[in-house]
Amino acid sequence: MQEAIVITEQPVSVSVPLGYSFTLRCRAEGQTLLQYQWFCQYQSVCSQIPGATKQDLPITAQQSQLYTCRINDLYKNAVFSDWVKVEVHHCVARGLPPRLWQGEPVIVLNPTEQRVDVGKPLQLQCAAMGVPAPSYQWYQNGNLLEHQKKKKLWISHAKVSDSGTYLCCASNSHGEHWTNAVDIHVGTCHSEKFFATGKIALLVGNNHYQHHPNLMAPVMDVFELSLLLEQLGFQVVSLLDLNKAEMEAAVSRFLELLGKGVYAIFYYAGHGYEHLGRNYMVPVDAPQPYAPENCISVQRILQRMQQQQTALNLILLDTCRKWYNSECALSQVQPLEPWGNTVYGYATSEDAEAYELQDGEFSSGIFMKYLKKHILQEKKVTHMLEDVLEDVGQDPLVTGKQVMEIKHTLKEARSLTDPICPLRAQAERWGHSHELLSKLVTFPCGARVQLRFHRLFSNLIYVCAKLQHSPAHIADTRLLLCRPTEMDSVAIPKESQWDQVKSLLSSVYKQEELDCVFQLCGLQKIQTDVVLQLDLCYTQLSTKQRICESLQTTLQRCLLGQFFSQMDYSQPNYWRTPACAGGVCLRDAVALSMDLKGQASMRTGFGHSLPSSNPSNSSSEPEENDESDLSDLCSALLRAGPRQDCP
């Protein structure tokens, strides 16, 4: 009996792009001259390849097929090699495989994030090119999955424990390559077609310019939009009047908060311009005339937003789009990636202006007038903006002057009303915001005063004082919050510049009687803790004398602006308490003085008076301030300061 034919080199499977040329090899040994014949199988039909009678079979990849080689000797013995697969990828990203490719694994298909019902099947898929064809190994949360060694991961009945982060390693004799990691959710929120892992918005309104005409509408527009976005589940940071360094710092912190699957909104109201398709925002300190280097490029912001793998990027620009300085060079910006997740909403068309509406004591932009009418609609973002566009176009006040414009690459029907299903890491990272708590302070005379904090904007806080209890031996009480010396270095705006903000506060809290109000604005410019002094003036009934008592308390800088803070808030200690533990305490000794002319007034942080409410003698217990600390936002501004360059 003759010895059998022994195959010494089996052909190997390959995974290659369309049109790639390679060679299948087969080697065998026998007692006589050997003959080779190659066969292929396509769609269950096996056929002999004419002329393929050599050890090597050159192939130019056209379609995926199976191949085998038959080896014969002169004694009519025959053996077949292993069947091997030539997998052909018809759709490969530009630049793949690399020019000097040696056959190492190259990922051409990454798995995608999924959310499934408990008990339903879960399938993940990836693909890689390689010569030889790569083998696959799946991992969950860094742990090897023993039985998941194919391109497709299949779990027939998903359990909650199957949730986690998955990725796959493709490897062959030349090396290994890993797919992107994806998060799989089994359980809640699975019924929604689209969802956000988080929603965050940065709103910037520039009103008061150093070298350009002031605006009125951004104050109200930013405030109203922030309220609407909060209804949609967005964490909102709203900032007024930022210089260039502050805008750059705010954007940098905003980008840090973005992550995979997040819905991100960037809104800007203020002076701006467009030149050759590039949009620029004008900071409050921009010179006259300004150039691109004095301004902030919107396209650069969007490019960095895309790098965070967000699911939706919505840019809303409520600015003019005219350009007057054609001699200035454009900023260098790389093209955006074609990820299909970007929407631009322009308040006006190219080379046109955007207009404001004067409505009594409040002003609003035409764009915002109609955006707030439609933004809560449960429809695709671009369809919602189309409704805004139609309304703006039909407004007789701006006919022929202002028409909204929409540009987008949104490939999915994502809506701002989509539910939020946060990833664990993002929930932890965003879970550090804390409310600014109300505090009850007691004067030596026994009067108790509640201090509360109302954050109308992320860099503007009102400190409000309300008399909670007045002892029987005093009368005619008056409260006054004094301007801290730390505010001396901050530029003081004109009285008229804050009229609208003061009116806004009055409208928001119009049913609440406040004895005095103090405005802390431009928080990003404050570089030290702020000492507030609260004066209580009263008439002592037994002596008929007018007496003033004073308390001082310190607001730590991290309390004033938390968005930029990197502090650990796990055990917050917002109030410095040098004299006692708990509550708002005395920084120095209580000051007693005589004042026969004590008058009530509501004062802002810049010394402007507001109409005072009637003195309150309520003895109700203090409640915590329900004004959420929406902005973790001002400490990077604190670090940037008014003249510090942003990297």
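Given (1) surrounded by fewer than 18 Cβ atoms within 10 Å (Cβ to Cβ); (2) assigned to a strand (DSSP E or B), identify the lone condition not met by LEU33.
(2)
What pairs come out if I take residues in region 129-146 that are in contact (Cβ under 8 Å) with a residue 12 or more places away in the chain and pair them with residues that are basic (Lys, Arg) whose C-beta lies under 6 Å away, six or more apart or interchain?
Filtered contacts from region 129-146: TYR136/LYS149; TYR136/LYS150; TYR136/LYS151; GLN137/LYS149.
Would you kindly identify the strands (runs of 3 or more DSSP E) lying entirely within region 239-320 that contain at least 1 residues that are under 15 Å from the mean Cα position of the chain (by Cα)?
262-269, 312-318
Looking at (1) outside any strand (DSSP E or B); (2) within 21 Å of LEU257 (Cβ to Cβ), which is the one condition that is false for ASN207?
The one condition ASN207 does not meet is (2).
Taking the stated definitions as given, is VAL6 out of contact with any Pro (no Cβ under 8 Å at 6 or more places or on another chain) and surrounded by fewer than 16 Cβ atoms within 10 Å (Cβ to Cβ)?
yes
Please work out if THR53 is modelled with pLDDT of 95 or more, surrounded by 12 or more Cβ atoms within 10 Å (Cβ to Cβ), farther than 21 Å from GLY130 by Cα and among the polar types (S, T, N, Q).
Taking the combined requirement at face value, the residue satisfies it.
Here's the yes/no breakdown for (1) outside any helix (DSSP H, G or I); (2) at pLDDT 90 or above:
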{"residue": "LEU376", "(1), (2)": "yes, yes"}
{"residue": "THR382", "(1), (2)": "no, yes"}
{"residue": "LEU385", "(1), (2)": "no, yes"}
{"residue": "LEU389", "(1), (2)": "no, yes"}
{"residue": "VAL392", "(1), (2)": "no, yes"}
{"residue": "THR399", "(1), (2)": "yes, no"}
{"residue": "ILE406", "(1), (2)": "yes, yes"}
{"residue": "LYS411", "(1), (2)": "yes, no"}
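Select the strands (runs of 3 or more DSSP E) contained entirely in region 60-143, then report the ones holding at least 2 residues which are closer than 30 Å to SER44 by Cα.
65-72, 78-80, 84-89, 106-109, 122-125, 127-129, 135-140
Which residues, taken from region 501-549, are at pLDDT 90 or above, among the basic types (Lys, Arg) and not in a loop (DSSP other than H, G, I, E, B)?
Listed by number, the list holds a single entry, ARG546.
Would you check if there is a residue in region 217-228 being in contact (Cβ under 8 Å) with a residue 12 or more places away in the chain and of a type in the set (Asp, Glu)?
yes
Looking at (1) open to solvent by 50 Å² or more (accessible area, probe 1.4 Å); (2) at pLDDT below 85; (3) part of a loop (DSSP other than H, G, I, E, B), find the lone condition where GLN358 falls short.
(3)
Within region 22-47, how many residues turn out to be under 51 Å from the mean Cα position of the chain (by Cα) and modelled with pLDDT of 95 or more?
Residues that pass the stated criteria total 3.
Does at least one position in region 193-206 carry a residue that is surrounded by 14 or more Cβ atoms within 10 Å (Cβ to Cβ), among the polar types (S, T, N, Q) and at negative phi?
yes
The values are calculated or read from the model by the stated rules, or taken from the named source; none is laboratory data. Only a predicted model underlies this, so the values are computations on that prediction, with no experimental measurement involved. Glycine also receives a Cβ, built like all others from the backbone with ideal geometry; neighbour counts cover every protein chain displayed. Heavy atoms of the whole protein, side chains included, go into the accessibility calculation; ligands, DNA and RNA do not. Shrake-Rupley method; radii C 1.70, N 1.55, O 1.52, S 1.80 Å.
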